[in-house]
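Notes for the one structure printed next.
Any read-out appearing in this document is the output of simple, stated calculations on the displayed coordinates, not a laboratory observation. The structure presented is a predicted model; accordingly, all values stated were derived computationally and were not measured. Cβ atoms come from the backbone with ideal geometry, glycine included; neighbour counts cover every protein chain shown.
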Amino acid sequence: MLKEFMAFLKQYGVIGLAIAVIIGGKLNALVTAVVDGLLMPLIGLLPIGGSWQTWSIQLGDQQIQVGTILGALINFLIVAWLVFWFAKKVLREETVSKK
């Protein structure tokens, strides 16, 4: 039974997927730290004004956190670009073969 389970894990790439999820989570933490600790303070120095991470819009009783959304967008764009770059460099095939 254990051999069958290990064969299943190898056949369907479950171990590789688990490793990718772990690395992806740590990459996300790293990018968030770089964005929050380096990029956001640098952007805050621009003439658009001060601490833009706390920008918000008041609509009646509700408050929309524009700065938080912009920070998350910057995080997403950096992670998406890094994944694209990694896939392009590491996973590229020299030739495409028909199966």
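Inter-label distance, LEU9 to LEU30: 2.5 nm, where each label sits 7 Å from its Cα along the C-beta direction.
Take 53-65, 29-41 and order them by the average number of nearby Cβ atoms within 10 Å per residue, most first; the result is 29-41, 53-65. Just to be sure I follow the rule: in the chain, considering lysines 8 or more places apart or on different chains, how many pairs have Cα atoms under 25 Å apart? For the chain, the number of qualifying lysine pairs is 11. In units of the rule-of-thumb radius 2.2 N^0.38 Å, the chain shows an alpha carbon radius of gyration of 1.65. Helical runs assigned H by DSSP (4 residues or longer) give the chain a calculated mean residue ellipticity at 222 nm of -20000 deg cm²/dmol, each run adding -39500 (n - 2.57) before division by the residue total. Shown is the FRET efficiency for LEU46 and LEU82, computed with R0 = 22 Å from the Cβ-Cβ distance and rounded to the nearest 0.05: 0.40. Kyte-Doolittle cut-off 0.0, length cut-off 20 Å along the helix's own axis using Cα: show which whole DSSP H helices in the chain pass. Flagged H segments are 14-34, 66-90.
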